[in-house]
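Each remark here refers to the structure printed beneath this line.
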Amino acid sequence: SREEERNVQLVKVRTVYKNLKTNIQDELVQVVSANFSNDSELVDASLNKQVMADVVEQIAVEKNELATELRDQGQIKAAQRMLYQNSAYLSSNASMLNCPKLQQQAMENKNDAEHIQDDSAWNMNRKGMRERQSTSRSQRD
């Protein structure tokens with residue numbers, strides 16, 4: 001029969017040291033493990049949505065930066081395609097994680113994609129993209 005849940009120990013670290021305050025030998029033990037489950041409700045309940053949203057945001061920022069570089073190199077269609085894909089990625093994760101911030105970024109990426117071909121507006125659009133990238137990066141650090 002299939003296991004519904006299981007816990008796997010990934011690593012165990014043991015440190016023995018002399019406590020300088022008590023002059024006694026002490027020991028610290030730390031175990032890192034991972035849980036696996038076929039129960040989707042259990043998996044969903046254990047998901048740290050804030051961490052996931054932060055990860056999604058940083059991946060999207062990297063893709064947005066790449067789209068900006070592609071546009072700077074004259075690869076307008078490739079940049080546009082990347083922005084549309086990024087918008088879809090953000091939107092699907094915004095729904096799954098119930099995160100309005102990601103939905104807002106999805107709309108911004110879609111808007112960037114829709115206006116990326118306009119040479120006369122590119123410098124203004126580029127500035128806005130770079131400001132949003134910088135804001136997201138500084139919030140991470």
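The values are calculated or read from the model by the stated rules, or taken from the named source; none is laboratory data. Quick caveat, the model's predicted, so the values are computed rather than measured. Note: ideal-geometry Cβ built from the backbone for every residue, glycine included; neighbour counts use all protein chains shown. Calculation scope for accessible area: heavy atoms of the full protein, side chains included, ligands and nucleic acids excluded. Shrake-Rupley method; radii C 1.70, N 1.55, O 1.52, S 1.80 Å.
Summary of computed values
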read-out	value
Residue (of 55, 117, 13) at the positive-pole extreme of the chain, dipole from beta-carbon charges	13
Signed unit charges on C-beta, dipole axis of the chain, positive-most listed residue 37, 89, 74	74
Neighbour-limited loop hits for chymotrypsin sites (Phe, Trp or Tyr not before Pro), the stretch 49-141 (at most 12 other Cβ within 10 Å; DSSP other than H, G, I, E, B)	none
Nitroxide proxy distance, nm - points 7 Å out along Cα→Cβ at residue 81 and residue 27	5.9
Rounded accessible area of residue 124 (nearest 10 Å², 1.4 Å probe)	140
Under the Karplus curve 6.51 cos²θ - 1.76 cosθ + 1.60, θ = phi - 60°, whole-Hz ³J(HN,Hα) for the stretch 37-50, x wherever Gly or Pro sits	8, 8, 7, 5, 5, 5, 4, 4, 5, 8, 6, 8, 5, 5
Residue-by-residue Karplus 3J(HN,Hα) for the stretch 118-130, coefficients 6.51, -1.76, 1.60, Hz, glycine and proline x	6, 4, 5, 9, 4, 4, 5, 5, 4, 4, x, 5, 5
Karplus-derived 3J(HN,Hα), 6.51/-1.76/1.60, for each residue of the stretch 17-31, Hz, glycine and proline x	8, 8, 6, 5, 6, 9, 6, 10, 6, 10, 9, 10, 10, 10, 10
Average accessible surface area per residue within the chain, 1.4 Å rolling probe, Å²	71
The chain, helix-only ellipticity at 222 nm - DSSP H runs n ≥ 4, -39,500 (n - 2.57), divided by all residues, nearest 500	-22000 deg cm²/dmol
Interatomic Cα distance distribution for the stretch 1-78, bins of 5 angstrom, percent	3, 10, 10, 9, 10, 10, 10, 10, 11, 8, 4, 2, 2, 0
Given the chain, longest segment not containing exposed loop trypsin sites (Lys or Arg not before Pro) (DSSP; at most 10 other Cβ within 10 Å)	22-141
Across 77/110; 49/110; 77/101, pairs whose alpha-carbon gap is larger than 20 Å	49/110; 77/101
